[in-house]
Amino acid sequence: MEKLTDKIQDYIDGLLDGDELQAFEQKLREDEDFRNLVYLQREVNDIIHKRVNSGEQDLRISLRAAEQETRSHDGATPLIKKIKPLIAVVSAACLFVVGYLFFTNSNSSLYELPAMQSEVVRGEEAVVRYEEAVRLYNAKSYKESRKMLNQLIQEEPEVVQYQYYAALTYVGEKKWKEALKALEPVAFGTSIFQEEATYYMAVCHHKEGNDAEAKRLLQTISSQGKIGEKAKKLLKKID
């Protein structure tokens, strides 16, 4: 089971390619139990990557919901039953780690970049390049990731997702002016990344000492959701 979860994690992280990737995706299409297994492990990844910055209580709620969803499969097959203990163990570990981070390092989380998630993009070659950009970004190799993303932007300039993460690579490098310039069209647009881009523009202004503009931008962000909570916390810190 450990080797299987490692393989699934490699798929989620975009590390599979060639025949190995094709075989994995064929199994996904043909095996419902295997799809459920991948789904459950992706849920754990989402909890780790997306819920850390929202605080311990939100994380507890997310883990509890994931656990209830896992238990809801009354007719679960032996394969699914085997993975349930792993979900419980990982959940407990997440609570311990996040509890520590939340109480000892909450301010630094305001500046952390979101993890870049693997996605299905058009064209086999584009998939390979995007997944490589994901791997490099999450490994903090921002310059190399930006190079891959810029190639995709040239081919598909309408895909805001490429623009957003390419802009965040400058934030990761602490190149605040370059980040502001790259984030601006996303922040002033209407995509799902608009408020997140606005938040990171505020971070850049704050890092440059321009707290008045940082506060102005933060006040335009809706108070709802995770990015709204981060905006409120950063406003409080600046004040």
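The values are calculated or read from the model by the stated rules, or taken from the named source; none is laboratory data. Everything numeric in this text was worked out from a predicted model, so none of it was measured. Note: ideal-geometry Cβ built from the backbone for every residue, glycine included; neighbour counts use all protein chains shown. Note: areas computed on protein heavy atoms with side chains; ligands, DNA, RNA excluded. Shrake-Rupley method; radii C 1.70, N 1.55, O 1.52, S 1.80 Å.
Looking only at residues in region 154-163 that are more than 18 Å from residue 180 (Cα to Cα) and open to solvent by 40 Å² or more (accessible area, probe 1.4 Å), the one that is modelled with the highest pLDDT is 154.
The residue pairs whose first member lies in region 111-134 and is modelled with pLDDT of 80 or more, whose second member is open to solvent by 30 Å² or more (accessible area, probe 1.4 Å), and whose beta carbons are closer than 6 Å, counting only pairs six or more residues apart or on different chains, are 115/49; 115/138; 116/138; 129/148; 132/148; 133/148.
The residues of region 164-178 that are closer than 15 Å to residue 201 by Cβ and open to solvent by 40 Å² or more (accessible area, probe 1.4 Å), listed by number, are 170, 174, 175, 176, 177, 178. Evaluation of residue 150 against the conditions (1) in a helix (DSSP H, G or I); (2) in contact with a helix residue (DSSP H, G or I) (Cβ under 9 Å, 6 or more places away or on another chain); (3) farther than 22 Å from residue 129 by Cβ shows that the sole unmet condition is (3). Restricted to region 5-41, and to residues that are charged (D, E, K, R) and part of a loop (DSSP other than H, G, I, E, B), which residue is nearest to residue 125 (Cα to Cα)? Among those that are charged (D, E, K, R) and part of a loop (DSSP other than H, G, I, E, B), it is 17.
Which residues, taken from region 198-224, are open to solvent by 50 Å² or more (accessible area, probe 1.4 Å), small (Gly, Ala, Ser) and part of a helix (DSSP H, G or I)? 212 - this is the single residue of region 198-224 that is open to solvent by 50 Å² or more (accessible area, probe 1.4 Å), small (Gly, Ala, Ser) and part of a helix (DSSP H, G or I).
Which residue is most open to solvent (accessible area, probe 1.4 Å), if the candidates are limited to region 13-26 and must be free of Cβ contacts under 8 Å to residues at least 24 places away in the same chain and under 25 Å from the mean Cα position of the chain (by Cα)? Only one residue tops the list, namely 22. Pairing residues of region 171-190 that are farther than 16 Å from residue 137 by Cα with residues that are open to solvent by 80 Å² or more (accessible area, probe 1.4 Å) and assigned to a helix (DSSP H, G or I), at Cβ distances under 9 Å and at least 6 apart in sequence or on separate chains, gives 176/207.
Consider residue 203 against the criteria (1) over 30 Å from residue 21 (Cβ atoms); (2) of a type outside the set (Gly, Ala, Ser); (3) modelled with pLDDT under 95: it satisfies all of them except one. Which criterion is unmet? Unmet for residue 203, out of (1) over 30 Å from residue 21 (Cβ atoms); (2) of a type outside the set (Gly, Ala, Ser); (3) modelled with pLDDT under 95: (3).
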